[in-house]
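Only one structure is covered here, and it is reproduced in the block below.
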Amino acid sequence: MARLGVNIDHVATIRQARRTIEPDPVWAAVLAELGGAHGITVHLREDRRHIQDRDLRVLKDTVQVKLNLEMAADEQVTQIALDLRPHQCTLVPEKREEITTEGGLDVVGQHDRVARCVDRLLAAGLEVSLFIDPDERQIEASKRLGAQSVELHTGRYADAVTADDRNLELQQIRAAGEVAVERGLHLHMGHGLTYRNVVPIARIPDVGELNIGHSIVARAVMVGFTQAVREMRELIEASG
Ligand code: PXP
């Protein structure tokens, strides 16, 4: 069964809407663990639009499951990761103007920049995952850089309007997943996954980790955080 990483960024988004102290993403992490999360994921963005440096420090001290830090491949945040030492660093592309992470990291096109960051993290003994499109060239490049894992971007699958398009995207993700596993990479997936579309992704063989944020936080507003995480975990478990 795939492990569930709960992305709590959008709890911090609500807090930052008022620049206040609530809701606290640290509380959400505790409730997510109570609901059965296998990991807590946060993205420290350059513009600090949601997660703040203080959140990272407190999460590092309090999270009992895997702490996964999403980050851009840049100098400043790499230094923060080296100081924090999360269980896993997931490198993602980052543009100031985007609403959310659009598309995977271009490991082929930005090879040297990504390599510099990966080398520093690996040299410090940290686990590295690269968030990429389900594309064989990106997988090969990720493997060459020495990353232990890839997270395949499921956004196009999630956004597909027709059943045919959705199936095509699913096939592409499945095929890319096979390539990643053949190359000895751990296989993660995420982005745009919801209670409605997660099951076919969770059924893909060898998928070890699913990172899900927006849909869980949206449901948590209605039913509570622990319950929302529990429902997602049960769905994933039932599909395995
Ligand atoms: N995985 C990665 C690498 C992401 O950047 C994000 C969004 O922050 C997610 C998973 C979660 O996406 P969503 O919020 O759409 O579930």
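None of the figures in this text is laboratory data; all of them are computed from the coordinates on show. Given the structure is predicted, the values throughout are model-derived calculations rather than measurements. Glycine also receives a Cβ, built like all others from the backbone with ideal geometry; neighbour counts cover every protein chain displayed.
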* To do: Pull up region 213-227, narrow it to residues that are among the aliphatic types (A, V, I, L, M) and away from the ligand (no atom under 12 Å from the Cβ), then point me to the one that is nearest to Ala28 (Cα to Cα).
  => Ala220
* Structure fact -> Among helices (runs of 4 or more DSSP H) entirely inside region 1-78, those with 2 or more residues being away from the ligand (no atom under 13 Å from the Cβ) and β-branched (Val, Ile, Thr) are 25-34, 53-62
* Asked: Given the conditions (1) of a type in the set (Asp, Glu); (2) touching a Phe, Trp or Tyr at 6+ places or on another chain (Cβ under 9 Å); (3) within 11 Å of the ligand (Cβ to nearest atom), and given that Glu209 satisfies all but one, which numbered condition is not satisfied?
  -> (2)
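Can you name every residue in region 118-151 that is within 18 Å of the chain's Cα centre (by Cα) and under 18 Å from Glu75 (Cβ atoms)? Please lay out each step first, then the result.
Of region 118-151, the ones within 18 Å of the chain's Cα centre (by Cα) are 118, 121, 126-135, 138-139, 142, 147-151.
Within region 118-151, Val118, Leu121, Leu126, Val128, Leu130 meet the criteria.
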* To do: Test each condition in (1) under 13 Å from Val108 (Cβ atoms); (2) touching a Lys or Arg at 6+ places or on another chain (Cβ under 7 Å); (3) within 16 Å of the ligand (Cβ to nearest atom) for Lys143 and report the one that comes out false.
  => (3)
* Please specify each residue of region 60-74 satisfying the condition of being out of contact with any Gly (no Cβ under 8 Å at 6 or more places or on another chain), surrounded by fewer than 18 Cβ atoms within 10 Å (Cβ to Cβ) and in contact (Cβ under 8 Å) with a residue 24 or more places away in the chain. => Lys60, Thr62, Gln64, Asp74
